[in-house]
Amino acid sequence: MKRYTTTFAFMLLLALSACKVSKDIQTPKPALPVAFRDAAATSDTTSIADIKWKSFFTEVTLQKLIDSAINKNYDMQIAVKSIEASQLLFKQVKWNYVPTVSANVTANSSRPSDNSLNGLSLNQFIGSKHIEDYNANLSLSWEADIWGKIRNQSKSALATYLQTTEAKKLIQTNIVAGVSQGYYNLLMLDAQLQIAQKNVKLNDSTLRIIHLQYDAGQVTSLAVQQADAQRLAAAQLVPQFEQNITIQENALRILAGSLPDKIERSATIDQLEVPATLSAGIPSAMVSRRPDVRSAELQLVIANANVGLSKAEMYPALRISAQGGVNSFRASNWFNIPASLFGVVSGSVIQPLLDRKRLSTTYKVAQVTREKNVLQFRQSVLNAVGEVSDALVRIDKLKAQQAIAANRVNTLQQATGNANLLFKNGLANYLEVITAQSNVLQSELELVSIKREQLSAVSDLYRSLGGGWN
């Protein structure tokens, strides 16, 4: 009775110790602001990130490019394969609870020395100089999950699988943002090319008038040279923009998983509207939506599981094994049931001794790694909040810049028209005309650039809030 009491006490001690082998730390609650900096004061907690990308980006050509990139981009295809691999590993871990079973069939024949004890015994008892042994059995091995090794393996495998899904989401959000911003850049280059070509024609007209004045002796050759230099400066922009357009088209096509080629446009940059209101929602919702933050959180789960695994390695392992089958030293009696049946059951407790220092170091390293993952999680949250705030202030200040730049363009366009009219009537000199044309060229190019930055900032806000993967 005392022996059973001792055994029960030992098993109870193991069960209680198992609960204390490793304690998972909870995901820390990051310090989050009530609202994003520079966000409009509103009680609306919804976010544009909840909008599906096809509803957020409604331009037809852009939708086709994004859809092609999601389906054909090689980074996305690699991410899908990573998900498949991690899913298989996760399913395999579940089988760790099942005992290992193997089948063995062996046939041996040995001839001992005539002068050996076995040789003399064989000759005396069975009248043979060799012995045969035929064996067919099933062996089973199972380790009790006392310290939660398998449980922690399952946690790690599940978190790894979920991490691969978050990685796919992250790639998709970056693809959606990258394609949209690249397309906006392409439309900007189209508009800038048209502006440069229009300015070249305007300079040609001015140069012809100056040539007539030069022929009439009203201006010197310096006027012709300066007007021609101004025309060439505008003309030089044309091949530059054409080159950039081709490069941007190639980049978009490659991002969409296609060979470099021309991209047909269904709209101009002037036809695209910047939304008047953009709801960012609340920071806590953004944290749960961003794939990179979720991945950092899952990495903490993996680190927790690794601490548990490394701690469990320092404790005794209870293993049970069994073997059963048929055995005979004659082939004719091999499957003579039940005479040839045999069975063996054994249990063992294995405690690491000499390598305890190594296991202890591994455990301490796992703890440090877990602490590092906590810091990385907090850093990912901080970066995410910062990205949203940056996008919000860009949108707000670019709106003010756009209004100023539009007024400047309007003023300079009127000034250029007046300068040309005065010049034709001899009331303004050629320098005033050249200066006006140069100023209007730069201001129009800058206005288009600001429009592209506005659209890109909206796309970046959508990405930084965690939108684009649904």
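The values are calculated or read from the model by the stated rules, or taken from the named source; none is laboratory data. Because the structure is predicted, anything quoted here is derived from the model rather than measured. Heads up, the Cβs are rebuilt from the backbone with ideal geometry, glycines too, and the neighbour counts pull from every protein chain shown.
Here are the numbers:
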quantity: Which listed residue is in contact with a Phe, Trp or Tyr (Cβ under 6 Å, 6 or more places away or on another chain), surrounded by 19 or more Cβ atoms within 10 Å (Cβ to Cβ) and in a helix (DSSP H, G or I), from V388, V381, V440, V458; calculated: V388
quantity: Any chance N336 is of a type in the set (S, T, N, Q), touching a helix residue (DSSP H, G or I) at 6+ places or on another chain (Cβ under 9 Å) and either closer than 30 Å to V101 by Cα or part of a strand (DSSP E or B) (or both); calculated: no
quantity: Answer from D24, D38 - the residue that is under 30 Å from I302 (Cβ atoms), modelled with pLDDT under 90 and of a type in the set (D, E); calculated: D24
quantity: Residue ID - surrounded by the most Cβ atoms within 10 Å (Cβ to Cβ), chosen from residues in the range 293-328 that are β-branched (V, I, T) and part of a helix (DSSP H, G or I); calculated: V307
quantity: Selection within the range 219-268 - modelled with pLDDT of 90 or more, more than 29 Å from the chain's Cα centre (by Cα) and hydroxyl-bearing (S, T, Y); calculated: T268
quantity: Some residue of the range 209-226 being of a type in the set (A, V, I, L, M, F, W, C) and touching an Asp or Glu at 6+ places or on another chain (Cβ under 6 Å); calculated: no
quantity: Search result, residues across the range 403-432 that are among the hydroxyl-bearing types (S, T, Y) and surrounded by 15 or more Cβ atoms within 10 Å (Cβ to Cβ); calculated: T416, Y430
quantity: Top-ranked residue of the range 280-292 - restricted to ones that are part of a helix (DSSP H, G or I) and among the hydrophobic types (A, V, I, L, M, F, W, C), ranked as surrounded by the fewest Cβ atoms within 10 Å (Cβ to Cβ); calculated: A285
quantity: Conditions (1) under 30 Å from L62 (Cβ atoms); (2) at pLDDT below 90: number failed by L272; calculated: (2)
quantity: Residue within the range 182-202 that is within 21 Å of the chain's Cα centre (by Cα) and either at pLDDT 80 or above or not β-branched (V, I, T) (or both) present; calculated: yes
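Table: residues versus (1) more than 28 Å from N470 (Cβ to Cβ); (2) small (G, A, S).
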position: S102; (1), (2): yes, yes
position: A159; (1), (2): no, yes
position: T164; (1), (2): no, no
position: S180; (1), (2): no, yes
